[in-house]
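The next block holds one structure in the form of structure tokens; read it before the comments.
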Amino acid sequence: MLTDIDLTEFLKSRRIEHNIIKHGYSYRADEASRELGVGINEIVKSVLFVTSEGTAVLVIVRGDKMVDQCRLARELGTRKLRLASKEEVARISGYEAGTIPPVGHKNKIMTLIDYTIPTENFVYAGGGALGSSLKIRAKDIISLQDATFTKCVR
């Protein structure tokens, strides 16, 4: 299993400005917002889906938004879309469910990013371990993941 240490090594090797912030355990965006002392709109969630064809899709969405799965399925041209199981999250990303960062995964994952996230700003995301958050610029997520924008959020 990958950890926040692996994430740090990945980002350092690519010379990406970032910070891993240690804090109390938080399982929801509003809890992370309080722990970090930032607005919930500065938090991003990394949500892993699997299409009916078996393709993994990572969606990076603001903490105050949700993915519209029906719209996303239509955008992807798939019949169905479901959340990845804990086992799939670990196998595909290399990270434990609930800790998945937006970058630095074990495997390359198709990535979509919420179009409302300001690309020049720093955002706070899963940091690869419980009690860790990653501070990174959204533009670096886009670049590292070769991400495309999606409007499938509500």
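Considering only protein heavy atoms and a probe of 1.4 Å, how much of the accessible area of segment 20-101 is carbon and sulfur, as a whole percent?
Taking all protein chains in place, segment 20-101 shows 49 percent carbon and sulfur surface.
Classify segment 58-154 as rounded, prolate or oblate from the Cα gyration tensor: take a ≥ b ≥ c as the square roots of its eigenvalues, call it rounded if a/c is under 1.5, otherwise prolate when a/b beats b/c and oblate if not. It comes out oblate by the Cα gyration axes. The trypsin sites (Lys or Arg not before Pro) of segment 43-136 that meet both conditions, a loop assignment by DSSP and at most 13 other Cβ atoms within 10 Å of the site Cβ, are ARG79, LYS80, LYS108. In whole percents, the pair-distance distribution calculated for segment 1-111 from its alpha-carbon pairs, binned every 5 Å from zero, is 2, 11, 19, 22, 22, 14, 7, 2, 0. Accessible surface area normalised per residue over segment 1-146 is 51 Å², counting heavy atoms of protein chains with a 1.4 Å rolling probe. The GluC sites (Glu not before Pro) found in segment 3-59 that occupy coil by DSSP, while having at most 14 further C-beta atoms within 10 Å, are GLU17, GLU53. Sequence-distant contacts, meaning Cα pairs under 8 Å at least 6 residues apart, place the relative contact order of segment 70-154 at 27 percent.
About its Cα centre, how strong a charge dipole does segment 1-61 have in debye, to the nearest 20, once Lys and Arg get +1 and Asp and Glu get -1 at the Cβ? Before the final figure, lay out each step's value.
On the way: 7 positive and 9 negative charges, 24 e Å.
So the dipole magnitude of segment 1-61 works out to roughly 120 debye.
The values are calculated or read from the model by the stated rules, or taken from the named source; none is laboratory data. Note that this is a predicted model, so its numbers are computed, not measured. Note that each Cβ is placed from the backbone with ideal geometry, even for glycine, and that neighbours are counted across all protein chains shown. Heavy atoms of the whole protein, side chains included, go into the accessibility calculation; ligands, DNA and RNA do not. Shrake-Rupley method; radii C 1.70, N 1.55, O 1.52, S 1.80 Å.
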